[in-house]
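These notes concern the structure reproduced below.
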Amino acid sequence: MTVAALGQRRLRRRRVYGSLGTALALLCALLAAGALLAILGYVIVQGAGAINWSFLTALPHPVGVPGGGVGNGILGTVIIIAIATAMAVPIGLLTGIYLALFGRGVIPEALRFLSDVLSGVPSIAIGLFAYAVLVAPLKHFSAVSASFAFMMLMLPLLVRTSEQAIRSVPQTVREGALALGMSNLRATVGIVLPTARPAIITALLLAIARVTGETAPLLFTAFGSQFWETNPNNPMAVLALQVFTYAISPYPNWQAQAWGGALLLIVAVLVLSLGARLMLRRAMQGLES
Amino acid sequence: MSAAVAAERDELLATDELSAYYGDRKAVGDVSIAFTRKAVTALIGPSGCGKTTFLRCLNRIHEVGFDARVEGRVLLDGQDIYAGAVDPMAIRRRIGMVFQRPNPFPTLSILDNTLVCAARGLNRRQRFDCAERALRAAALWDEVKDKLRSSPLRLSGGQQQRLCIARAVAAEPEVLLMDEPTASLDPIATAVIEELMARLADEFTIVAVTHNMQQAARVSDVTAFMLADEAGVGRLVEVDDTARLFTKPGDHRTEDYITGRFG
Amino acid sequence: MVQPRFRRVARFVSPADRGFAAVVYGGSILFALLIIGLFIELVLGSWPSIAAFGPSFIWKSSWDPITSNFGALPMIYGTVVTSLIAIVLAAVIGIMAAVFLADFAPRWLSAPLSFLIELLAAVPSVVYGLWGLFVLAPFVRTAIGPAVQKVLGWTPLFSGPVYGVGLLTAGIILALMIVPTVTAISRDVVAAISRDLREASMALGATKWETATRVVLPAARVGIFGSCVLGLGRALGETIAVTMVIGNRPEISASLFAPSYTLASVIANEFTEATTSIYISALIELGLILFVVSIVVNALARLMIWSVRGST
Ligand SMILES: Nc1ncnc2c1ncn2[C@@H]1O[C@H](COP(=O)(O)OP(=O)(O)O)[C@@H](O)[C@H]1O
Ligand SMILES: [Mg+2]
């Protein structure tokens with residue numbers, strides 16, 4: 001066999017390896033994307049049947065009584081997230097403003113580090129914190145304590161994104177405002193923040209999407225409820241918690257409702273995530289034009 | 001300019017041994033100069049000699065930058081604007097500024113951009129009149145009067161720059177600082193703005209940075225020449241009536257510069 | 001040298017700005033206090049348990065609420081094993097997918113695939129748990145378990161009855177949950193490797209595949225490793241999905257098919273039912289361990305990712 005032929009064979013072998021490897025890589029990408037489609041498809045198939053008007057609007061029925069819904073859980077989710085947002089936005093925005101305007105030195109770096117730390121803390125540990133601060137001292141579960149936990153989960157994203165969004169507003173715009181004799185307050189709130197608003201709202205939507213499906217900290221904060229509860233100081237039903245409870249229950253009726261609830265959750269979270277993406281894209285285009 | 005000449009003139013704004021720093025870097029050193037009321041003073045000099053930095057000290061916008069510091073005095077009507085009790089916001093209302101690159105506020109309409117720092121407490125009619133006056137003063141009215149509510153980002157660069165002038169004018173300052181206001185514009189827009197500067201001088205004391213000597217010769221009454229020394233510190237070389245400075249410069253470095261021998 | 005006499009300029013002098021600065025400072029301080037408070041509360045809450053059991057809490061394997069005798073070893077074991085399964089699976093799939101998306105896929109394919117994989121990260125944990133409980137667990141019980149045991153049943157790792165729920169099922173669910181993290185970050189890191197390097201390799205006659213595996217991946221290894229560690233951090237603390245599919249039994253068993261428990265899932269399951277204060281405290285101490293471990297892991301991951309991307 002000639003040297004040339006040997007080289008030819010080796011080259012062919014390397015090409016085959018390359019094709020196999022590429023195919024394997026493609027397979028992995030398809031597997032990951034396919035996993036989403038598999039989960040999504042299964043939830044839609046199983047959940048669609050459970051969803052009807054009374055499922056969306058009724059109270060849960062006791063075990064053994066057919067029918068019933070997650071209306072109070074949907075309401076509770078909205079209330080708890082609304083309160084969490086009301087608490088997280090001011091703190092997150094103010095910290096973001098601080099980091100953007102005074103952002104050099106030891107203290108801002110420490111704050112950024114803390115924010116990163118918080119973003120990695122498991123939600124169950126944050127639930128324990130909410131329990132220690134708002135449940136144990138008051139000796140009862142409450143929606144507010146769940147909002148507190150959600151606020152902690154939303155903060156890191158809000159802080160980092162609002163800092164970056166404010167920083168990305170050209171310095172010339174801020175200086176233009178200050179050069180007109182505006183106060184820093186007016187320059188920031190009236191000129192810089194509106195310019196940064198699309199990015200901040202995107203972050204807020206993503207933060208809300210993140211907590212919408214969050215369940216672990218609710219176990220010992222919101223706790224759940226069988227009633228239409230609107231007082232944030234009381235235990236409250238939450239959709240994600242209902243899905244969890246129904247899923248691990250032994251009753252087929254409840255399990256079916258768990259799929260229905262899961263579908264609602266997925267739709268809500270995907271709509272929020274997609275909305276955030278669209279918003280960001282629009283904002284980018286707005287800046288370019 | 002000798003002290004005797006200076007005293008004859010009516011000076012609204014003056015600096016006294018003004019130095020500016022970025023951290024430890026001294027960018028402008030010990031500049032003493034006076035600006036005549038209702039005249040156009042051009043600040044010329046090669047790129048990087050500290051013109052922008054000096055100009056930004058005059059309305060206390062320099063200190064907005066991180067670790068940026070100022071030493072010396074700036075006198076507005078004889079009062080030191082860097083004195084302890086002075087509110088920089090009040091100073092910036094009296095000393096307006098137009099930046100090198102147009103910086104209209106992207107989220108405000110053309111109308112709101114113009115009025116953002118106009119007098120308060122006006123009713124709708126008065127606000128509108130005020131906007132019209134400012135936009136006319138900036139020679140922009142005819143071009144935008146039909147789209148006052150639209151975004152300033154749709155305007156051309158020259159129009160945006162005139163909007164920034166209108167915005168500054170509407171705040172009714174006494175001094176108008178302009179940092180190479182035509183540097184990012186095409187020749188036609190440049191001509192419009194140069195014409196505008198001459199007209200604005202009827203009402204305002206103007207200090208305009210330019211690195212374009214022809215422009216300085218065209219628009220200014222007085223010209224100041226700055227140059228960075230060996231240490232990179234921007235110094236004032238000489239200041240004189242524009243006609244004289246360009247024909248009979250007092251300093252050989254000025255002569256070298258205006259005859260194009262360096263820079 | 002004599003320091004020049006600088007005039008330090010106050011930037012917030014007007015009353016409005018003083019108020020503004022005060023509010024901004026106040027918000028930031030509150031933010032810092034919340035995070036510090038989180039740590040302090042966890043320490044305070046676990047103090048009775050720390051005082052009672054000392055460091056042996058970590059290596060004792062009894063978890064007995066009746067005699068108030070608590071040790072975290074079974075949960076630490078369950079947490080480590082499920083996370084390891086998850087990270088091994090997710091690393092293989094995620095890195096391969098990242099290489100494909102960054103280097104091989106045409107644009108029309110890479111954009112939608114990336115999009116789908118990133119959406120995977122948005123699926124709520126409880127939905128993963130539900131799917132794991134009703135789809136994956138039965139599949140493990142009826143298909144994967146018997147098939148694996150036919151070949152490898154003699155090893156302790158795959159011995160014993162297959163319930164469906166257990167370490168392996170939890171590991172697979174966790175892998176799905178962290179694949180998006182590994183893929184997205186690895187893809188960015190791989191894409192950031194300079195063109196020159198690839199072209200140099202191709203110019204030497206390497207195939208595209210050889211370039212990707214022998215040149216690009218090694219060059220990106222620190223960032224990719226960081227993405228895996230970040231995924232690991234998520235896996236360690238994941239609660240609800242794991243709680244639903246791990247079987248919840250505080251035992252250490254060699255078999256991956258055996259039910260187990262993790263730090264997070266024991267808190268989720270038992271916290272509201274814990275009656276004695278030492279029981280509650282022991283559960284909070286599990287949370288403290290989780291907190292400390294996830295901080296260390298996350299800090300490590302971010303350091304590695306930063307070191308390649310440059311901090312921003
Ligand atoms: N933000 C800054 N930080 C540090 N140094 C700066 C900064 N801005 C300008 N300088 C320095 O100050 C000097 C003067 O700059 P500038 O005032 O912009 O000059 P000009 O406007 O005459 O071109 C330059 O040499 C530059 O290096
Ligand atoms: Mg300049």
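Summary of computed values
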{"quantity": "R0 of 35 Å, Cβ-Cβ distance residue B:10-residue B:184: FRET efficiency to nearest 0.05", "calculated": "0.60"}
{"quantity": "Rounded FRET efficiency, nearest 0.05, which uses the C-beta distance separating residue C:155 from residue A:270 and R0 of 45 Å", "calculated": "0.60"}
{"quantity": "Residue A:139/residue A:249 FRET efficiency (R0 22 Å; Cβ-Cβ; nearest 0.05)", "calculated": "0.20"}
{"quantity": "Shape box of the range C:55-167 [Cα atoms, principal axes, largest first, Å]", "calculated": "62, 38, 25"}
{"quantity": "The range A:3-50: mean projected area of Cα convex hull, nm²", "calculated": "3.3"}
{"quantity": "Centroid-to-centroid separation of the range C:68-135 and the range C:277-296 [C-alpha atoms, Å]", "calculated": "24"}
{"quantity": "Under-5 Å amide H pairs with residue B:18, H placed in peptide plane, nonlocal only", "calculated": "B:30, B:31, B:32, B:73"}
{"quantity": "Paired Rg and Dmax values of the range A:135-245, which use every Cα atom, in angstrom", "calculated": "19.3, 59"}
{"quantity": "Size-normalised alpha-carbon gyration radius of the range A:53-288, reference 2.2 N^0.38 Å", "calculated": "1.16"}
{"quantity": "Max mean-square fluctuation residue, GNM over chain B, Cα-Cα springs under 10 Å, options B:23, B:48, B:250", "calculated": "B:23"}
{"quantity": "For chain C, fraction of C-alpha pairs farther apart than 26 Å, in %", "calculated": "59"}
{"quantity": "Residue among C:160, C:287, C:226 with the largest mean-square fluctuation in a Gaussian network model of chain C, springs linking Cα atoms under 10 Å", "calculated": "C:160"}
{"quantity": "Label point distance in nm, residue A:53-residue A:227, each placed 7 Å from Cα along Cα→Cβ", "calculated": "2.7"}
{"quantity": "Alpha-carbon centroids, the range A:1-78 and the range A:250-280: separation in whole Å", "calculated": "15"}
{"quantity": "Longest to shortest principal axis, alpha-carbon extents of the range C:234-294, angstrom", "calculated": "34, 25, 19"}
{"quantity": "Debye-sum result for the protein assembly as shown in log10 I(q)/I(0), which assumes one identical scatterer on each alpha carbon, at q = 0.05, 0.10 Å⁻¹", "calculated": "-0.40, -1.09"}
{"quantity": "Square roots of 5 times each gyration tensor eigenvalue, C-alpha, the range A:208-289, largest first, Å", "calculated": "32, 16, 9"}
{"quantity": "Whole-number Å³ per residue for the convex hull built on Cα positions in the range A:105-148", "calculated": "77"}
{"quantity": "Most fluctuating residue given options B:189, B:201, B:134, as computed from a GNM of chain B linking Cα atoms under 10 Å", "calculated": "B:189"}
{"quantity": "Three-way shape call for the range B:156-218 based on the alpha-carbon gyration tensor, with the a/c threshold at 1.5", "calculated": "oblate"}
{"quantity": "Contour minus Cα-Cα distance for residue C:66 and residue C:299 (0.36 nm per residue)", "calculated": "80.1 nm"}
{"quantity": "Electrostatic dipole magnitude of the protein assembly as shown [Cβ: Lys, Arg +1; Asp, Glu -1; Cα centre; debye, to 20]", "calculated": "2040"}
{"quantity": "Reference-scaled alpha-carbon Rg (2.2 N^0.38 Å with N residues) for the range B:60-113", "calculated": "1.41"}
{"quantity": "At most 11 other Cβ within 10 Å, DSSP loop - trypsin sites (Lys or Arg not before Pro), the range B:189-263", "calculated": "B:261"}
{"quantity": "Dipole of the range C:56-311 [Lys/Arg +1, Asp/Glu -1 at C-beta], most positive-end residue of C:212, C:235, C:90", "calculated": "C:212"}
{"quantity": "Inverse mean reciprocal Cα-Cα distance (Kirkwood Rh) of the range C:15-55, Å", "calculated": "12.4"}
{"quantity": "Per residue accessible area in Å² of the protein assembly as shown, where ligands, DNA and RNA are left out and the probe is 1.4 Å", "calculated": "42"}
{"quantity": "For the range C:222-312: relative contact order, % (alpha-carbon pairs under 8 angstrom, 6 or more apart)", "calculated": "45"}
{"quantity": "Solvent-accessible area buried by A and C, counting both chains, probe 1.4 angstrom, square angstrom", "calculated": "6700"}
{"quantity": "The range B:1-142, Cα convex hull volume normalised per residue, Å³", "calculated": "161"}
{"quantity": "Where only alpha carbons of the range B:89-245 are counted, the Rg and the Dmax (Å)", "calculated": "16.5, 57"}
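The values are calculated or read from the model by the stated rules, or taken from the named source; none is laboratory data. Remember, it's a predicted structure, so these values are computed and weren't measured experimentally. Note that we place each Cβ from the backbone using ideal geometry, even for glycine, and neighbour counts take in every protein chain shown. Accessible surface areas use protein heavy atoms only, side chains included; no ligands, DNA or RNA. Shrake-Rupley method; radii C 1.70, N 1.55, O 1.52, S 1.80 Å.
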